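**Q** Here you go, one structure.
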Amino acid sequence: MGRYTDNPAAVAALVQPHQVHRDTYVDREIFDLEMKHLFANTWVFVGHDSQTPKKGDYITTQIGTQPVIMVRHSDNEIYVLLNRCPHKGTKIAIDRSGNTGKFFRCPYHAWSFKTNGCLLAIPLKKGYAETDFKEGEASHGMKPVGAVKNHRGFVFARLAQDGIGFDEYFGNSLSSLDNMVDRSPEGRLEVAGPPLRYMHNCNWKMLVDNQTDTCHPMVAHESSAGTAVRLFEQANWPEDKPKPMAMEIIAPFMSPYEFFEEMGIRTWPNGHGHTGVHHSIHSDYSMAPEYWDAMVETYGEERAGQILGESRHNTVYWPNIMIKGPIQQLRNFIPMGPDKTLVESYIYRLVGAPDILLERTAMYNRLINAPTSIVGHDDLEMYERAQEGLHVDGLEWINIQRLHVEDEDFDEEAVENGTTERQMRNQMHAWSKFMTMSMTSSQEAAE
Ligand code: FES
Ligand SMILES: [Fe+2]
């Protein structure tokens with residue numbers, strides 16, 4: 001046992017109002033505690049229900065580092081089960097996705113389980129007849145996670161049996177997810193293919209921090225977005241000709257500091273928050289007239305105007321996803337180790353909207369987030385340099401002080417200058433809360 005296990009005071013001391021200790025990003029023991037406490041006590045994104053449209057459809061993924069299966073049962077409900085056979089531990093499913101029919105069958109000794117996890121059959125079951133097998137946990141089948149909630153197609157789960165409820169955990173932050181779904185004239189999203197997957201050699205929180213870090217684009221992306229803007233200027237593009245889609249996407253990355261200051265950042269309790277309160281890098285995308293017509297048909301002019309008037313940039317759902325409403329995208333930062341994170345970038349189709357919107361969404365993902373993109377690599381380079389730099393001795397703290405004021409209250413929703421680091425402070429405040437809530441202090445444990 002190291003110095004942080006069962007020592008909530010030592011863990012809490014890693015987060016100060018204006019700085020965070022480097023152990024939160026580099027220490028193996030802290031990472032293991034994050035998996036055990038933070039990722040167990042919070043509501044973590046699992047998948048979208050359109051990834052499992054038919055009964056028996058499943059995907060495999062992780063909540064923290066715990067392997068889980070999301071599956072559609074015969075009652076049409078989505079279940080989230082731990083991916084582990086109750087017999088001897090074998091992972092039941094290893095494909096990223098598939099259809100298992102009416103039941104899962106373990107490949108080792110053929111125990112089978114209904115798609116809600118219940119034990120269905122065991123070969124040669126009479127071997128247990130004279131035992132108290134029925135009393136043991138193996139007889140319960142594949143174990144479900146503590147709680148599951150499907151919010152308008154987005155499936156979240158809490159590993160812990162007891163804990164904070166879904167609505168209390170997310171509160172008003174659900175307005176960002178709702179806005180993304182409302183952008184469909186049918187109020188429905190569908191996943192568009194598998195996500196782009198991209199391994200990052202850095203801590204998962206570096207990616208989360210980056211989502212509301214508005215002082216980096218004009219610097220870190222100068223070599224990619226800046227070059228694109230300069231080349232486009234040289235092209236003498238006629239004023240009356242629509243700008244190429246790629247330029248609409250990439251040019252706003254070079255907006256000046258004032259643009260980002262004025263865009264605003266909103267924070268919500270429990271570590272959630274978003275950039276782009278007043279405008280964002282997605283505000284000036286051209287509108288397909290037939291899309292506007294379809295939205296007005298469904299919602300009426302006023303409501304359609306409100307829905308599309310929101311151009312929230314990045315919304316962080318603590319701990320580890322970000323969504324972009326205006327281009328129907330979700331990025332999942334899956335922790336693999338203190339210095340390893342698997343990033344999955346999903347895109348969705350707005351059901352009932354013209355194809356051009358999906359085209360823009362897919363182009364954004366390729367240009368900005370793909371392993372073959374030109375923008376995401378700028379960020380990756382910075383994360384990896386920081387992950388290495390944090391091992392330098394003599395400096396132990398990471399600064400999150402920009403626009404910090406005394407006595408910030410993270411239980412209150414707030415809107416501030418778009419270059420504040422308040423959202424990073426909000427995240428670490430929530431980190432501390434959910435890390436320590438189920439830890440016993442070593443003193444208590446000794447009693
Ligand atoms: S390990 Fe699964 S049936 Fe034996
Ligand atoms: Fe970036």
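**Q** Against the definition (closer than 23 Å to Asp49 by Cα, in the same structural domain as Leu350 (by TED's automatic domain parsing) and either in contact (Cβ under 8 Å) with a residue 40 or more places away in the chain or in contact with a helix residue (DSSP H, G or I) (Cβ under 8 Å, 6 or more places away or on another chain) (or both)), how does Arg183 come out, yes or no?
**A** On the way: closer than 23 Å to Asp49 by Cα: yes; in the same structural domain as Leu350 (by TED's automatic domain parsing): no; either in contact (Cβ under 8 Å) with a residue 40 or more places away in the chain or in contact with a helix residue (DSSP H, G or I) (Cβ under 8 Å, 6 or more places away or on another chain) (or both): yes.
In short, no.
**Q** Would you point out the residue of segment 163-184, among those that are among the hydroxyl-bearing types (Ser, Thr, Tyr) and more than 14 Å from the chain's Cα centre (by Cα), that is farthest from Gly389 (Cα to Cα)?
**A** Of all residues in segment 163-184, those among the hydroxyl-bearing types (Ser, Thr, Tyr) come to 169, 173, 175-176, 184.
Filter again for more than 14 Å from the chain's Cα centre (by Cα), leaving 169, 175, 184.
Working: Tyr169: 34, Ser175: 37, Ser184: 44 Å.
The residue in question is Ser184.
**Q** In addition: Output the qualifying pairs, or none if there are none: Cβ atoms under 6 angstrom, residues six or more apart or on different chains, first residue in segment 210-228 and in the same structural domain as Pro252 (by TED's automatic domain parsing) and closer than 26 Å to Thr315 by Cβ, second residue within 9 Å of ligand 2 (Cβ to nearest atom) and of a type outside the set (A, V, I, L, M, F, W, C).
**A** Asn210/Asp379; Ala220/Asp378; His221/Asp378; Ser224/Asp378
**Q** So if I check each of Ile281, Ile307, Ile249, which one is among the β-branched types (Val, Ile, Thr) and more than 21 Å from Ser223 (Cα to Cα)?
**A** Residue meeting the stated conditions: Ile307.
**Q** Also, quick follow-up: So, in segment 340-349, exactly how many residues are in contact with a helix residue (DSSP H, G or I) (Cβ under 6 Å, 6 or more places away or on another chain), surrounded by 21 or more Cβ atoms within 10 Å (Cβ to Cβ) and not small (Gly, Ala, Ser)?
**A** Narrowing segment 340-349 to residues in contact with a helix residue (DSSP H, G or I) (Cβ under 6 Å, 6 or more places away or on another chain): 341, 345, 347, 349.
Add one more test, that the residue is surrounded by 21 or more Cβ atoms within 10 Å (Cβ to Cβ), and what stays is 341, 345, 347.
From what's left, not small (Gly, Ala, Ser): 341, 347.
Adding up the residues that qualify gives 2.
**Q** Also, I was wondering about something else. Looking only at segment 64-82, filter to residues that are crowded, with 21+ Cβ neighbours inside 10 Å and either over 17 Å from Val148 (Cβ atoms) or within 16 Å of ligand 1 (Cβ to nearest atom) (or both); which one of those is nearest to the chain's Cα centre (by Cα)?
**A** Only one residue fits best here, namely Ile69.
**Q** Only residues that are more than 12 Å from Thr212 (Cβ to Cβ), in contact with a Lys or Arg (Cβ under 9 Å, 6 or more places away or on another chain) and not β-branched (Val, Ile, Thr): list them for segment 246-290, please.
**A** Listed by number, the residues that qualify are Glu248, Ala251, Asn270, His282, Tyr285, Ser286.
**Q** Let me spell it out: the conditions are (1) buried (at least 22 other Cβ atoms within 10 Å of the Cβ); (2) among the polar types (S, T, N, Q); (3) touching a Lys or Arg at 6+ places or on another chain (Cβ under 7 Å), and Asn201 meets all of them except one. Which number is the exception?
**A** The number of the failed condition is (1).
**Q** To continue, here is another question. Does Gly300 satisfy being at pLDDT 95 or above and in contact with a strand residue (DSSP E or B) (Cβ under 6 Å, 6 or more places away or on another chain)?
**A** Taking the combined requirement at face value, the residue does not satisfy it.
**Q** Condition first: away from ligand 1 (no atom under 16 Å from the Cβ) and loosely packed, with under 15 Cβ neighbours inside 10 Å. Now tell me which residues in segment 86-125 satisfy that.
**A** Asp95, Arg96, Asn99, Gly101, Lys102
**Q** In segment 154-184, how many are crowded, with 21+ Cβ neighbours inside 10 Å and part of a loop (DSSP other than H, G, I, E, B)?
**A** Here the count works out to 3.
**Q** So Leu330 clears everything in (1) farther than 30 Å from Met35 by Cα; (2) not in a helix (DSSP H, G or I) except one condition, right? Which one?
**A** It is condition (1) that Leu330 fails.
**Q** Same structure, new question: Across segment 223-255, what is the number of residues that are within 16 Å of ligand 2 (Cβ to nearest atom), over 26 Å from the mean Cα position of the chain (by Cα) and not small (Gly, Ala, Ser)?
**A** Step one: of segment 223-255, the residues within 16 Å of ligand 2 (Cβ to nearest atom) are 223-229, 249-255.
Right, trim to over 26 Å from the mean Cα position of the chain (by Cα) and you get 223, 226-229.
Among the residues that remain, those that are also not small (Gly, Ala, Ser) are: 227, 229.
Of the residues in segment 223-255, 2 are within 16 Å of ligand 2 (Cβ to nearest atom), over 26 Å from the mean Cα position of the chain (by Cα) and not small (Gly, Ala, Ser).
**Q** While we're on this one: Within the group Ala160, Ala220, which residue is modelled with pLDDT of 95 or more, aliphatic (A, V, I, L, M), away from ligand 2 (no atom under 16 Å from the Cβ) and more than 17 Å from the chain's Cα centre (by Cα)? If you could, list the steps in order and put the result at the bottom.
**A** Working: Ala220 fails: away from ligand 2 (no atom under 16 Å from the Cβ).
Testing whether each residue is modelled with pLDDT of 95 or more, aliphatic (A, V, I, L, M), away from ligand 2 (no atom under 16 Å from the Cβ) and more than 17 Å from the chain's Cα centre (by Cα) leaves just Ala160.
**Q** Identify, please: which residue in segment 185-198 is under 21 Å from the mean Cα position of the chain (by Cα) and loosely packed, with under 15 Cβ neighbours inside 10 Å and is, among those, nearest to Ser345 (Cα to Cα)?
**A** Across segment 185-198, the extreme among qualifying residues is Arg197.
The values are calculated or read from the model by the stated rules, or taken from the named source; none is laboratory data. Small disclaimer: the values here were computed from a predicted structure and weren't measured. With ideal geometry, Cβ positions are generated from the backbone for all residues, glycine too; neighbour counts draw on all protein chains shown.
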